[in-house]
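Chemist: This is the structure I want to talk about, given as structure tokens.
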Amino acid sequence: MNYCTKYSGWAEKAYETNADSFIKFVAYWSCPSAPPSPSSDVVDYLFNAFQCYPSGGPVILQPVLEWNYAGSGRWTGAPWWGPDENNQYHRGGPIEISVGDSLEGKIWWEPSPQVYAIQIRNQDTSSTSVIYAGNPGIMEDVFLALEVYNVDDDNDVPGDTDFHSMTFEGDTPIWKGDVDENAPLSGLNVEIVSQPDRVILHTAN
Amino acid sequence: MNMDKRVKKRYLVGIVVIIVIGVGIMSALYFHQKGTKFQEKSPQTELQEELASTKALLTVPVGCIHNNFIQLKPGEKKETYYTLYTRNGGPGEVTCKIYRVAHVYEKEKMTMPEGLNVSIEPSKFIAQPHKNYTSKITVKTSPELFPHEVNVSVGGIAGREYTLYLRVIFEGENETIGDDWLRILVRPFTVPGASGLYLPHGYLHNNSITLKLGETKETYYTLHTGESGPEEVSYDIYRITGKVNMLPMPEEEKLPIPEGLTVSIEPNNFLARTHENYTSKITVKTSPELLPGEYVLCMEAHFGGRLTNDWLTVNVEP
């Protein structure tokens, strides 16, 4: 049930929640067109992610393409993870990203010093940001998602995002789609072009 | 200190006895635990339990919070709601208590942090059978709840989450499934990912089944509701070409189910609450006039406005 006039949430995603254990996930995508005419409080996120389930509850690790984070009015990229054992969420240092830039989002297990690393890289500028999450648990779930905040129509969301050339170590996902029909958006569609390496998250733009 | 030899011997014997008893107790505990660990449930037992649990969830009084995740800035106030569906339960007094816990699924009370104030209204009322009762939960925060400096151009701690547990007691209705959890994320700017940590998801127990003409076979679909609810669940099963994998599925990819192939799912069209598994039985029947071959079915689940799907391949042998 939605009590707000504006919508916030994971508008669409591809997911695999029935796997055993992932240790590496690399995805490539181009920065899509910015929202055509967004309200000032709109924020959009695009990411690939791992999720694990330690005893304290789920933990997510994600290289994130951010639109209008903290009111920036532009695209930025940053690795994120959380919550930690103190229920805190962490963001790595941001990198600059422009429409059309080629991005690499990578999450992997670093055997020495036994930590998960989360990295976003702009392949056009070679700028990279990485953050380490320690060892929160076995990565059981994988996601690709468009998450939005304060949207009320198609003017608030970016163009299509083509996650391609995806590779995995450990398990291999069989992607499934999920669309939130509560979102006040047309054109949402999760297209699994080929398992497991290419998925397009469509919007109306 | 000089000690008599006999006294020394008694001490030694005593120590040995203590060690032997200690080792015995530890071994007993170890093997008991191993025994417990190895007494895993069979898949059949697990399935029977899931089906029984689903049946209970559809009949006993249930309740849940409408929006189990709230993000807000330090100093902001937000509201959400809780609804109890009494079904056959009542009349009886309902008491709601809300307090802080370590995380979702925990029930042990913790001290509420300075700067977080939570209330539920009404917290006590008399409930009648076959009625729904909604209470408002108000969350107020103050700036000291997130004492970190955030420099957006550098990165760092970007948010802090608190979990609350809502305990709902429906007098005389011990089977009520009405407790729930509420996550509060306090942050200066939005945090990606956090809102989706408990999204609903589902899976088919088998992605393909093989049967002969005239046979009937069953499989199951389990929906885990996560933080979605109270919402209606509905399932739709149709045949597709199997060539394009899109969600929503384009109309041109849908095919008519041939005569002689019948597919049904039960239960379907029901109210679901948060943090539960609902397992439905899918029955596939074939009759002798059906052409042998492969039929790809798409099982669409609608829940709380979310749409997801799964494919079931039915191989029909002559």
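None of the figures in this text is laboratory data; all of them are computed from the coordinates on show. Values in this document were obtained by computation on a predicted structure and should not be read as measured data. Here the Cβ positions follow ideal geometry from the backbone for every residue, glycine too, while neighbour counts run over all protein chains shown.
Chemist: What is the gain in length, in nm to one decimal, between B:Met110 and B:Thr262 on full extension, counting 0.36 nm per residue of separation less the C-alpha to C-alpha distance?
Modeler: That pair, B:Met110 and B:Thr262, stretches by 49.4 nm at full extension.
Chemist: Cβ under 11 Å from A:Trp29's Cβ, A:Trp29 left aside: what net charge do those residues give with Lys, Arg +1 and Asp, Glu -1?
Modeler: -3
Chemist: Taking the simple approach of a point 7 Å from Cα along Cα-to-Cβ for both A:Ser126 and B:Glu289, what is their distance in nm?
Modeler: 7.1 nm
Chemist: Also, I was wondering about something else. Test of understanding: ordering A:Phe50, B:Phe146 by Cβ neighbours within 10 Å, fewest first, what list do you get?
Modeler: In increasing order of surrounding Cβ atoms, one gets B:Phe146, A:Phe50.
Chemist: For a quick check: sort A:Arg91, B:Arg239 by the number of other beta carbons within 10 angstrom, fewest at the front.
Modeler: Ascending Cβ contact count within 10 Å gives the list B:Arg239, A:Arg91.
Chemist: Could you pull out every one of the aspartates and glutamates with an alpha carbon less than 16 Å from that of B:Lys285, ignoring same-chain neighbours closer than 8 positions?
Modeler: Straight-distance partners of B:Lys285: B:Glu215, B:Glu218, B:Glu259, B:Glu266, B:Glu294, B:Glu317.
Chemist: Normalise the Debye intensity by I(0) for segment A:9-202, one equal point scatterer per Cα, no solvent, then take log10 at q = 0.16 Å⁻¹ and round to two decimals.
Modeler: So the normalised log intensities work out to -0.99.
Chemist: Find the Rg to Rh ratio for segment B:201-317, where Rh is the Kirkwood radius over alpha-carbon pairs and Rg uses the same atoms.
Modeler: 0.99
Chemist: Rounding to the nearest 10 and keeping the result within 0 to 90°, find how far the Cα-based axis of helix B:43-57 lies from the longest principal axis of chain B.
Modeler: 80 degrees
Chemist: Continuing with the same structure: Taking each pair of different alpha-carbon atoms in chain B once, compute 1/r for the pair, average those values, and report the inverse of that mean as the Kirkwood hydrodynamic radius in Å to one decimal.
Modeler: 24.2 Å
Chemist: Taking the number of other C-beta atoms within 10 Å as the exposure measure, put A:Met166, B:Met112, B:Met246 in order starting with the fewest.
Modeler: Ascending Cβ contact count within 10 Å gives the list B:Met112, B:Met246, A:Met166.
Chemist: Summing Lys, Arg as +1 and Asp, Glu as -1, what charge do residues with Cβ under 15 Å from the Cβ of A:Gln123 carry, A:Gln123 excluded?
Modeler: -3
Chemist: Give me a single rounded figure for B:245-251: the average over its residues of other chain Cβ atoms within 10 Å of their Cβ.
Modeler: Counting Cβ atoms of other protein chains within 10 Å of each residue's Cβ and averaging gives 6.
Chemist: Averaged over peptide B:96-103, how many Cβ atoms belonging to another chain are found within 10 Å of each residue's Cβ?
Modeler: Across the residues of B:96-103, the mean count of other-chain Cβ atoms within 10 Å is 1.
Chemist: Give me Rg/Rg_expected for the protein assembly as shown, where Rg uses Cα atoms only and Rg_expected = 2.2 N^0.38 Å with N residues.
Modeler: Scaled against compact globular proteins, the figure is 1.11.
Chemist: Follow-up question, since we're still on this one. Taking 60 Å as R0, compute the FRET efficiency from the Cβ-Cβ separation of B:Glu215 and B:Ser153 and round it to 0.05.
Modeler: 0.40
Chemist: Which three semi-axes in whole Å describe the equivalent ellipsoid of segment B:60-194, each the square root of 5 times a Cα gyration tensor eigenvalue, listed largest first?
Modeler: For segment B:60-194, the semi-axes come out at 33, 12, 12 Å.
Chemist: Same structure again: Rounding to the nearest 20 debye, state how big the charge dipole of the protein assembly as shown is about its Cα centre with +1 on each Lys and Arg Cβ and -1 on each Asp and Glu Cβ.
Modeler: So the magnitude is around 2700 debye.
Chemist: What number, rounded to the nearest 500 deg cm²/dmol, is the helix-based mean residue ellipticity at 222 nm of chain B, given -39500 (n - 2.57) per DSSP H run of at least four residues and division by all its residues?
Modeler: -5500 deg cm²/dmol
Chemist: Give me the inter-chain shielding for B:196-205: mean count of other chain Cβ atoms within 10 Å, whole number please.
Modeler: 5
Chemist: Here's a follow-up. Rounded to a whole number, what is D in µm²/s for segment B:164-269 from Stokes-Einstein with the Kirkwood radius over alpha-carbon pairs (20 °C, 1.002 mPa s)?
Modeler: It comes out at roughly 115 µm²/s.
Chemist: Same structure again: Where the convex hull is taken over the Cα atoms of segment A:99-158, what is its projected area averaged over directions, in nm²?
Modeler: 6.1 nm²
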